[in-house]
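First comes the structure, then the notes that go with it.
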């Protein structure tokens, strides 16, 4: 298995930089491409991605550019690290330019208009779905960027593709497992953001530790239920890309989704929160997409439905909690 060639990271946000630094620490030659020419040039000059991952130096030999031709020089694999709602438009810059390369998606969420997962969007834009894999797990950019110990999972329909990513990006601070459940790993990374916003709402209205623990536990069941309907393996949701990512996103100070929920629980509107930051909380749009998908598939997802009513239907957060708490009683291991 050849590990030669350069890795290209498409997307210069905090997670894009973190992936690039993980690859760099593993001894790879790396380029990062950003969509905004002015900001990209400034970061290349200062070596500080101050909007998205401030204070973590970018090594001088890590290429940071808006020039597509320069970014592609010597590249043999690509990491797509673009917010899900912008993947389709952003990857148009590379359409027809990535023939034969392995594409690793590190985005989380579902596209609102199509309800497609990131790898499905990439297959639409770039073709060759057999070249696609997904990297996910409990991995805040702030910690990966600093080289703190992190463990993730990479999934692909072909074992050799997952193993290739595992070999290229693994280091003493970034441990990678492999999986054959691409759908489950990808959905875990999307669905956990919904539960994380709900956990933040619980923090914001002061529900306490008991309620939050119950919400996270039942949220995991909800994630697995939806995943199974989509063809994923239930066990995947109790691994790194499910329970692992769910825990870190629901409890970490770094979690954009939990923080957004906390502010909404504290009384701010969704519009106020979104207008105050350039960082993307994917769970907002994933909630909107999954809510529609659950209705279409007949899947009961009470936490997702409650959060959707808070975010988009102007439902009072405490009223939504009351409605959750007064649902008909049932056995814990009941399918719903």
- Run residue 95 past the list (1) modelled with pLDDT of 95 or more; (2) surrounded by fewer than 21 Cβ atoms within 10 Å (Cβ to Cβ) and report the number of the one that doesn't hold. (1)
- Task: Kindly establish whether residue 254 is at pLDDT below 95 and farther than 23 Å from residue 316 by Cα.
- Result: yes
- Taking residue 211, is it in a helix (DSSP H, G or I) and crowded, with 19+ Cβ neighbours inside 10 Å? no
- Task: Could you check the range 264-316 for helices (runs of 4 or more DSSP H) lying wholly inside it with 1 or more residues that are out of contact with any helix residue (DSSP H, G or I) (no Cβ under 7 Å at 6 or more places or on another chain), at pLDDT 90 or above and within 18 Å of residue 222 (Cβ to Cβ)?
- Result: 282-297
- Query: So residue 187 fits all but one of (1) outside any helix (DSSP H, G or I); (2) out of contact with any strand residue (DSSP E or B) (no Cβ under 9 Å at 6 or more places or on another chain); (3) under 20 Å from residue 233 (Cβ atoms); what number is the exception?
  - Reply: (1)
- Message: Can you tell me how many residues within the range 221-259 are more than 17 Å from residue 181 (Cα to Cα) and either part of a helix (DSSP H, G or I) or free of Cβ contacts under 8 Å to residues at least 12 places away in the same chain (or both)?
- Response: 13
- Task: Among residues belonging to the range 240-263 that are under 17 Å from residue 222 (Cβ atoms) and in contact with a strand residue (DSSP E or B) (Cβ under 7 Å, 6 or more places away or on another chain), point out the one that is surrounded by the fewest Cβ atoms within 10 Å (Cβ to Cβ).
- Result: 245
- Selection status of residue 227, outside the structural domain of residue 55 (by TED's automatic domain parsing) and in contact with a helix residue (DSSP H, G or I) (Cβ under 8 Å, 6 or more places away or on another chain): yes
- Pairs only if they're at least six apart or on different chains, beta carbon under 6 angstrom, first in the range 106-119 and assigned by TED's automatic domain parsing to the domain that holds residue 131 and more than 14 Å from residue 287 (Cα to Cα), second in a loop (DSSP other than H, G, I, E, B) and modelled with pLDDT of 90 or more; list them, first residue then second. 106/81; 107/82; 118/107
- Scan the range 127-142 and give yes if some residue there is surrounded by 16 or more Cβ atoms within 10 Å (Cβ to Cβ), more than 26 Å from residue 281 (Cα to Cα), touching a helix residue (DSSP H, G or I) at 6+ places or on another chain (Cβ under 9 Å) and touching a residue at least 12 places away in the same chain (Cβ under 8 Å), otherwise no. yes
- Message: Yes or no: the range 42-62 includes at least one residue that is surrounded by 15 or more Cβ atoms within 10 Å (Cβ to Cβ), more than 24 Å from the chain's Cα centre (by Cα) and farther than 21 Å from residue 98 by Cβ.
- Response: yes
- Query: Is one or more of the residues making up the range 286-305 within 30 Å of residue 149 (Cβ to Cβ) and under 19 Å from the mean Cα position of the chain (by Cα)?
  - Reply: yes
- Item | Unmet requirement for residue 162, which otherwise passes all of (1) assigned to a helix (DSSP H, G or I); (2) under 19 Å from the mean Cα position of the chain (by Cα); (3) buried (at least 24 other Cβ atoms within 10 Å of the Cβ); (4) in contact (Cβ under 8 Å) with a residue 40 or more places away in the chain | (4)
- Message: Pairs please, first residue from the range 8-26 and on the phi > 0 side of the Ramachandran plot, second anywhere and in a helix (DSSP H, G or I), Cβ atoms under 8 Å, 6+ apart in sequence or on different chains.
- Response: 11/90
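The values are calculated or read from the model by the stated rules, or taken from the named source; none is laboratory data. These figures come from a predicted structure and were not determined experimentally. As a convention, Cβ positions derive from the backbone with ideal geometry for all residues, glycine included, and neighbour counts pool all protein chains shown.
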